[in-house]
Amino acid sequence: MSDVLPIAEAIARRAGAIVREGFGHVRQVRQKGVIDLVTEFDQRSEEVIVSALQKEFPEHAILAEESGHHARTGEYQWVVDPIDGTTNFAHGIPLFAISLGLLRGKVPVAGVVYDPLHEELFSAVLGRGATLNGRPIHVSSQTHLGQALLATGFAYDIRTNPRNNLAQFAQFQLRTQGVRRLGSAALDCAWTALGRVDGYWEFGIKPWDIAAGGLLVREAGGRTTSTEGDEEFLSTGTIVVSNGLLHEQILRVLREGDAAPLPQ
Ligand code: LIP
């Protein structure tokens, strides 16, 4: 599996070069939904990634955000977000990433999250640790939720879905050092793996947003589950990643809401 990673990293860098050049020069923004956007650079990035993966790994299936499922019969599937943080990218906010995750069945076994503006390439292979630009990374050592910095996001159906994360956002704001909304799930996970933030949670999230990032956190010594605490997180549409030390405290706030204890 470790021979897959350099190829995935090179593909992410090629797509990242296109996205980096397009930043600040978006000319085509299409509404995919009431909030959800796609630009010409999402499309171009995905075309480069999908064609390169099909050339390098013809027997692997691909699930890509913009072009959907490219079926194959084997056990391996790539899960691709050509720009995670499209809203940021379209508005000129410099926080977005390319995310490539490789699944064996339902289990993430390799992942790359690349922030092309800041030249930060996060990588991981199952059982072999996580790196940033080739150097090993590790989650934070924070044990107290009241002193933790978390991240979260809001799904595109926030205006109609009663489970829109606004109550949870308030509950965590009262119980932590703060909650950041970066606008990129892949970077929320990568920054947790690096220890920049201590944890992240989200509802209504897609596999292509979190497949690579969920593995990064596990391989950096943290924990990745659904918001119910299930290890098999990808099929649930929810995620909690943390440094592991805070995980049960985060799950408790999600479970108990306003009844969860406030920091002393
Ligand atoms: C985004 C995620 C973000 C989430 C947004 C959206 P996209 O992905 O990275 O965390 O809150 O709703 O799903 O659409 O920019 O690839």
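A compact table of results
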read-out	value
Selection count, segment 175-184, where residues are surrounded by 14 or more Cβ atoms within 10 Å (Cβ to Cβ) and more than 16 Å from the ligand (Cβ to nearest atom)	3
Strands (runs of 3 or more DSSP E) fully within segment 65-106 counting 3 or more residues that are surrounded by 20 or more Cβ atoms within 10 Å (Cβ to Cβ)	76-84, 97-104
Test: residue in segment 207-221 that is in contact with a His (Cβ under 8 Å, 6 or more places away or on another chain), more than 26 Å from ASN88 (Cα to Cα) and not polar (S, T, N, Q)	yes
Hits in segment 3-23 - residues which are at pLDDT 95 or above and open to solvent by 60 Å² or more (accessible area, probe 1.4 Å)	PRO6, ARG13, ARG14, ARG20, GLU21
Candidate set from segment 141-170 (those that are within 11 Å of the ligand (Cβ to nearest atom) and of a type in the set (Phe, Trp, Tyr)); member that is surrounded by the most Cβ atoms within 10 Å (Cβ to Cβ)	PHE154
Subset of segment 185-199 [away from the ligand (no atom under 16 Å from the Cβ) and among the acidic types (Asp, Glu)]	ASP198
Residue within segment 117-130 that is loosely packed, with under 14 Cβ neighbours inside 10 Å, of a type outside the set (A, V, I, L, M), at pLDDT 95 or above and not in a loop (DSSP other than H, G, I, E, B) present	no
Single residue of segment 212-239 satisfying the filter (of a type in the set (A, V, I, L, M) and in a helix (DSSP H, G or I)) that is surrounded by the fewest Cβ atoms within 10 Å (Cβ to Cβ)	LEU234
Yes/no for ARG181 being of a type in the set (Lys, Arg) and in contact with a strand residue (DSSP E or B) (Cβ under 7 Å, 6 or more places away or on another chain)	yes
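The values are calculated or read from the model by the stated rules, or taken from the named source; none is laboratory data. Keep in mind the model is a prediction, meaning the values are calculated, not measured. Don't worry about glycine lacking a Cβ; one is built from the backbone with ideal geometry, like all the others, and counts go over all protein chains shown. Ligands, DNA and RNA are excluded from the accessible area calculation, which covers all protein heavy atoms including side chains. Shrake-Rupley method; radii C 1.70, N 1.55, O 1.52, S 1.80 Å.
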